[in-house]
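The values are calculated or read from the model by the stated rules, or taken from the named source; none is laboratory data. Predicted model only: the values in this text are computed from it and were never measured. Cβ sites come from the backbone with ideal geometry, for glycine too, and all protein chains shown count toward neighbours.
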Amino acid sequence: MIDIDQLSNILCKECTGGHMSEDLFGGGTKTGFSTQEILFISRKLGEWGIAIADINTLLARSAGSCDDFSQGDAISPETIERCLAVYQIWRALGSIFSADVGAQERWLNSTNLAPIFGGSTAIALMLSGKDGLHATKEYLEYHAYNGW
C-alpha cells in the first residue's frame with residue numbers, strides 16, 4: 001500500500017511529463033494534494049468517460065470544472081482519500097491490462113457479472129459513493145495481484 005506522499009511524488013512526475021516512477025518506497029505523510037495532482041486525477045476520470053459533475057461527486061468536491069482550481073485551494077481529507085483510491089484503481093488496471101488503455105476503459109464501462117457489481121459497470125459502482133469506490137479498488141487490487 002502506498003501513502004499519500006508516495007502518490008504525490010508519482011503524480012508530480014506524471015503531471016510534469018516525466019516518467020512514472022515504479023519506486024513506491026519512501027517515507028513521510030502528506031496532508032494534501034497539489035492542484036496539479038488533483039487535475040491529473042480529474043482528467044484521468046474524464047478519460048474514463050465520467051462527466052464533470054460526476055467527477056466532482058466522486059472526488060467529494062464542490063461544483064466547478066476539473067480545471068477550476070487555484071493554487072492554495074484547500075483540499076479536504078475526503079478528497080485526498082478518494083484521489084488515492086482512484087490512483088490505486090488506475091494502477092491496478094494498468095497491472096491487469098498492461099499498456100492496453102482501451103481495454104482498461106472498456107472494462108470500466110462494461111457491465112460486469114461479478115457479484116460486487118450486480119450486473120452494472122465499475123464506473124456505476126464507483127459513482128455510487130465512497131463504499132463503491134473502495135469496493136472497486138479492492139476488487140481490482142485483488143485481481144491485479146492474484147490474477148483473473
Does any residue of segment 81-89 turn out to be of a type in the set (Val, Ile, Thr), at negative phi, modelled with pLDDT under 50 and surrounded by 15 or more Cβ atoms within 10 Å (Cβ to Cβ)?
no
Matching entry among Leu127, Leu108, Leu93, Leu133 (being modelled with pLDDT of 90 or more and touching a Lys or Arg at 6+ places or on another chain (Cβ under 9 Å)):
Leu133
Among residues belonging to segment 101-122 that are part of a loop (DSSP other than H, G, I, E, B) and of a type in the set (Ser, Thr, Tyr), point out the one that is nearest to Leu133 (Cα to Cα).
Ser120
Which listed residue is surrounded by 14 or more Cβ atoms within 10 Å (Cβ to Cβ) and at pLDDT below 75, from Phe33, Phe40
Phe33
